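Below is one structure; the comments refer to it alone.
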Amino acid sequence: MFDAPVLRPTKAQAEYLVTDLNSLAPEGMDPTLAATIPLNTTTASLALDHLPLRPRDTLLATGAVGAVGGYALELARTRGVRIVAQGQPEDEEYLRSRGATWFVSRDEEPGAAVRQLVPGGVDGVLDAAALGAPAMAAARDGGVYVSVRLDVLPAPERGVVVRHTAAGPDAPRLAYLSALAEVGVLTPRVAEVYPLAQARRGPRPAGPGRSARPDRPGSVSSGPARGTARSRSWSPR
């Protein structure tokens, strides 16, 4: 079930949640996979809306193997954007299959690496890995940089516009994104599922530029130990 007012306060994880009957996951989708959609797809979609990119414009997506970054690749591809995806060297084939035009390793300095592929810099940066200033260095003069974390926003320079995005309740947007997942345009992924009793064994907080589970692309979900998973997911940025 998706994006409806909760009838009482909850914390980050809950085995059961009371919500509106009309807030349903894509028909036929496993609930654990469906749990990766609301937070991650809306964050990616909102971030792209903050980047006024037209078809054939260029975008750097850091943390592209994560849940937000992966959805951003697929959404940007539907907009005709050419994408530089950042990840580990072993991620290159996977990221190209998700829509990346070019690839840079996260072991490289992003500004220099991107400018070797896109002279002058990209039109926009979606910094899902929270690199901050090193990622913004890949943007062209007058470009746009968007971060999903407020605490790593770099100071604007070279006319680059710096913006922050965060997901919030948006039923029409979520209905549209859910429909894209239902028809296969978006690809929900789960790296691992933990029973709530073992939730502490899940992802640890990650610093800027590091994934909580760098070896496993996707979201991590926690659900009950028995029966169908009722899960809460987050992106290992």
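Quick note: the coordinates plus some simple rules give every number you see, no bench work behind them. All values derive from a computational prediction rather than experimental measurement.
As a ratio to 2.2 N^0.38 Å, the alpha-carbon radius of gyration for segment 107-159 is 1.02. Cα-based radius of gyration for segment 14-141, normalised by 2.2 N^0.38 Å, reads 1.15. Summarising the amide proton neighbourhood of GLU192: residues at separation of 5 or more, or on other chains, whose placed amide H is nearer than 5 Å comprise SER221.
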